[in-house]
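Read the structure below first, then the notes.
The values are calculated or read from the model by the stated rules, or taken from the named source; none is laboratory data. Fair warning: this is a prediction, and the values are worked out from it, not measured in the lab. Don't worry about glycine lacking a Cβ; one is built from the backbone with ideal geometry, like all the others, and counts go over all protein chains shown.
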Amino acid sequence: MTQDYWSRLLAQRVARRRALATAGATAAAAGFLAACGGGSTGNEKDGSKAAGLVTSPVETFKQATRGGVMKDRTFGDTATLDILSPATTHNSVGPHVYSALFQFKPGILKPSENEIAGDVVEAWEWAPDGLSATLKLRQGVKFHDKPPVNGRALDTADVLFSWDRFSRLSSGRIGVANVADPDAPILSLTAPDAKTLVLKLKEPLTYALALFAENLGGRPLMIPKEVGAGFDIRGDMIGTGPFVLTKYTPSVGFTFRRNADYYDQDFALVDQIDLPIVPEYANALAQFKAGNIYSMGSGGNTPKVRPEDILPTKREEPKLNIYPGDLAGGGPRLGFGFLPGSPFHDERIRQAASMSLDRDLYIDTFQNVSKFRAEGLPVETRWNTSLAGNAEGWWLDPQGKEFGPNAKYFKHDLAEAKKLLAAAGYASGMQNVASTYITSGELGDLPKQASVIEGMLLEGGIGTKFNPVDYATQYIPKYRDNAGRFDGILFKLSGGGAGKNDPVGALSSEFWSKGGVTFYGFDADKKGDQSGDPQVDALIVKARVERDTDKRKALVADIQRLLAKGAYGILPPGVATGFVMAWPALGNFRVYQGGRLNYRLWVDQSKPPLAKA
């Protein structure tokens, strides 16, 4: 079954290659600014087409009308509403309700740079040695007015209760809470008085506050101390966030109302958010085109309109707007089994796998690059290294001269891949290598993406045998949380490790031997003991505590060069400038990028689909 999609893609390869070659020159000249509404493709006809297709985001906060109902969607039920569950469905629901100690500042008409801002913490000060920080709790932050909490103010006892529960029960505590992981940075969180918190660290970690800023499942979010004492967090949500959960009907959807007591009165502009559960993409797209959903996921992990459907959807419903998106690209990470005796201990086999990947073809296939360019929409593409290509200022271009000789391992070179396999003892290639991934519908295109990568591996000499697994009962305990202790290859979901929004944090969570459950599980000595690579570990440890930004960037560049040769884990092939869609009624769409979900979005009753004219 997995080869069907690859076979169809292979039949289109020549046509795609010609399209890529034709479009490449103009796209390189136009660059990223053109995708954001500036610049030109160099072709007047194509430029005019692009101008008519893409809507530039406009900041309209001062013109916003408060009230109304925002209609979005989520794609599935969650087994529990407990925030410590890392379920992907929680991540399109929970951030409406819960606050964190800190948050990431959104970018305004540009991507967020992940700068830290206060959330329930209002101000903070670091000690000179970087080993502790004094935090001042924001006053007037109130829980939602639901029993048994009844709208009381958040206090330091709630913060300590939330931290204690996280550090004892969450799978995300690994890499964060030292009480659960001796290599984790946070030694303690204490409260010397009613308005003050003290955070103590094992080391002067440069991204320590980012560990408390991710408003996702499994993170240290703020909950009332009444949990387990009159409040069942598994069946309801009570937080201090901008919206209150008023109704949840399994298989139907979620309803939220604006929290009138939220400390930032300029945040929530709509009175209500409706999140119907629409698991099937085709159904969700039909509802979107009919105007029953205003966007296919204005934030969170909700799948958006697929790249290949952007232009057809615009043709079918011209009133819908296309907006420039971020540099993005989905897909699974390729992990290897590192049990004792595994062939993947030989780096030549891992290098062969990397060189089997046609990164340009993959990006073109899943990001619709050729067709966007044919319509005059300039698209920038980047190959991922051990760091995603959208890590602006930190990512090192493997197609640039600064990367060095190890860049060759990213090049699509089937002949060299087969030579590497032969040198490793597989002159006839490898057959029936276990290939493990999830086929659940809520994970979007993952089965297709895995199929394409399997086809590319086969061309390079690595034949696979599909091993389907269930997300909850098999993938999480036996593969995701088992750090390389499995056979064959694993198509891993995007890394969700501690501090992943920081480039050093992202590398630490996946390639540092102390990174926790998201570590790839390799060891340089081929013993199968998951002890990591001493050279990689040394660079990451140094980068974690380096306060000088330029020096930290240099270390991150060296890590990328080193990991290109080691190929211990392979990120999705790359990213491309994307496009997203929404109805014109959704004001401020794509203005505030990053930060909390639905940041200052509002509903304009005078525009489609609410106004039909």
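I need every pair where a residue in the range 54-81 that is more than 26 Å from Asp326 (Cα to Cα) has its Cβ under 6 Å from the Cβ of a residue that is aliphatic (A, V, I, L, M), sequence separation at least 6 or different chains. Cβ pairs passing all conditions: Arg66/Leu269; Gly68/Val270; Gly68/Val603; Thr78/Ala87; Leu81/Met237. Filtering Leu562, Leu539 for residues that are outside the structural domain of Trp126 (by TED's automatic domain parsing), in contact (Cβ under 8 Å) with a residue 40 or more places away in the chain, crowded, with 16+ Cβ neighbours inside 10 Å and assigned to a helix (DSSP H, G or I) leaves a single hit, Leu562. In the range 243-254, is there at least one residue being touching a strand residue (DSSP E or B) at 6+ places or on another chain (Cβ under 7 Å), outside any loop (DSSP other than H, G, I, E, B), polar (S, T, N, Q) and within 20 Å of Pro148 (Cα to Cα)? Within the range 243-254 (the criterion being touching a strand residue (DSSP E or B) at 6+ places or on another chain (Cβ under 7 Å), outside any loop (DSSP other than H, G, I, E, B), polar (S, T, N, Q) and within 20 Å of Pro148 (Cα to Cα)), the answer is yes, since at least one residue qualifies. Per this entry, Pro584 is counted among residues that are touching an Asp or Glu at 6+ places or on another chain (Cβ under 9 Å), surrounded by fewer than 20 Cβ atoms within 10 Å (Cβ to Cβ) and modelled with pLDDT of 95 or more.
Just so you know, in the range 318-329 the residues that are in contact with a helix residue (DSSP H, G or I) (Cβ under 7 Å, 6 or more places away or on another chain) and assigned to a loop (DSSP other than H, G, I, E, B) include one that is farthest from Ser509 (Cα to Cα), and it is Leu320.
Of the residues making up the range 95-143, those that are of a type in the set (Gly, Ala, Ser) and closer than 21 Å to Val227 by Cβ number 2. Does any residue of the range 511-525 turn out to be outside any strand (DSSP E or B), out of contact with any Gly (no Cβ under 9 Å at 6 or more places or on another chain), buried (at least 19 other Cβ atoms within 10 Å of the Cβ) and free of Cβ contacts under 8 Å to residues at least 60 places away in the same chain? So far as the range 511-525 goes, no, none of its residues is outside any strand (DSSP E or B), out of contact with any Gly (no Cβ under 9 Å at 6 or more places or on another chain), buried (at least 19 other Cβ atoms within 10 Å of the Cβ) and free of Cβ contacts under 8 Å to residues at least 60 places away in the same chain. The set of residues in the range 78-104 that are farther than 16 Å from Ala268 by Cβ, buried (at least 17 other Cβ atoms within 10 Å of the Cβ) and of a type outside the set (A, V, I, L, M) comprises Thr78, Asp82, Ser85, Pro86, Thr88, Thr89, His90, Asn91, Ser92, Phe102, Phe104.
Residue pairs whose Cβ atoms lie under 7 Å apart, sitting 6 or more positions apart in sequence or on different chains, and linking a residue in the range 598-612 that is part of a strand (DSSP E or B) to a partner that is of a type in the set (A, V, I, L, M, F, W, C), are Trp602/Ala64; Trp602/Leu269; Trp602/Val270; Val603/Val69; Val603/Met70; Val603/Val270; Val603/Ala585; Val603/Leu586. Within the range 224-273, restricting attention to residues that are among the β-branched types (Val, Ile, Thr) and under 25 Å from Phe161 (Cβ atoms), the residue that is surrounded by the fewest Cβ atoms within 10 Å (Cβ to Cβ) is Thr246.
Just one of the listed residues (Ala450, Ala427) is of a type outside the set (Ser, Thr, Tyr), out of contact with any strand residue (DSSP E or B) (no Cβ under 6 Å at 6 or more places or on another chain) and in the same structural domain as Asn368 (by TED's automatic domain parsing), and it is Ala427.
Taking the numbered list (1) at positive phi; (2) surrounded by fewer than 18 Cβ atoms within 10 Å (Cβ to Cβ) in turn, Asn114 passes all entries but (2). Filter the range 118-145 down to residues that are without any contact (Cβ under 8 Å) to a residue 40 or more places away in the chain and surrounded by 13 or more Cβ atoms within 10 Å (Cβ to Cβ) and give me whichever is farthest from Asp232 (Cα to Cα). So, considering only residues that are without any contact (Cβ under 8 Å) to a residue 40 or more places away in the chain and surrounded by 13 or more Cβ atoms within 10 Å (Cβ to Cβ), the one farthest from Asp232 (Cα to Cα) is Ala127.
For Ala352, the test of being in contact with a strand residue (DSSP E or B) (Cβ under 8 Å, 6 or more places away or on another chain) and on the phi < 0 side of the Ramachandran plot is passed.
In this structure, Ala422 does satisfy being in a helix (DSSP H, G or I), among the aliphatic types (A, V, I, L, M) and farther than 30 Å from Arg552 by Cβ.
Here's the yes/no breakdown for (1) aliphatic (A, V, I, L, M); (2) modelled with pLDDT of 95 or more:
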site	(1), (2)
Ala180	yes, no
Thr190	no, yes
Ala194	yes, no
Tyr207	no, no
Ala229	yes, no
Asp232	no, yes
Gly239	no, yes
Pro242	no, yes
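Taking the criterion of being of a type in the set (Lys, Arg) and touching a residue at least 24 places away in the same chain (Cβ under 8 Å), the residues of the range 409-427 that qualify are Lys411, Lys418.
On the stretch given as the range 461-476, residues that are of a type outside the set (Val, Ile, Thr), surrounded by 14 or more Cβ atoms within 10 Å (Cβ to Cβ) and farther than 24 Å from Lys418 by Cβ total 5. A single member of Gly376, Gly291, Gly341 is within 25 Å of Met70 (Cβ to Cβ) and in a loop (DSSP other than H, G, I, E, B), and it is Gly291.
Anything in the range 113-140 that is among the hydrophobic types (A, V, I, L, M, F, W, C) and under 30 Å from Asp326 (Cα atoms)? List them, or say none. Listed by number, the residues that qualify are Ile116, Ala117, Val120, Val121. Examine the range 146-154 for a residue that is in contact (Cβ under 8 Å) with a residue 24 or more places away in the chain and part of a strand (DSSP E or B), and state whether such a residue exists. No, the range 146-154 contains no residue that is in contact (Cβ under 8 Å) with a residue 24 or more places away in the chain and part of a strand (DSSP E or B).
Exactly one residue out of Ile349, Ile277 is under 30 Å from Gly241 (Cα atoms) and either among the β-branched types (Val, Ile, Thr) or not assigned by TED's automatic domain parsing to the domain that holds Asp445 (or both): that is Ile277. Would you point out the residue of the range 274-287, among those that are at pLDDT below 95 and among the small types (Gly, Ala, Ser), that is surrounded by the most Cβ atoms within 10 Å (Cβ to Cβ)? Here the residue is Ala284.
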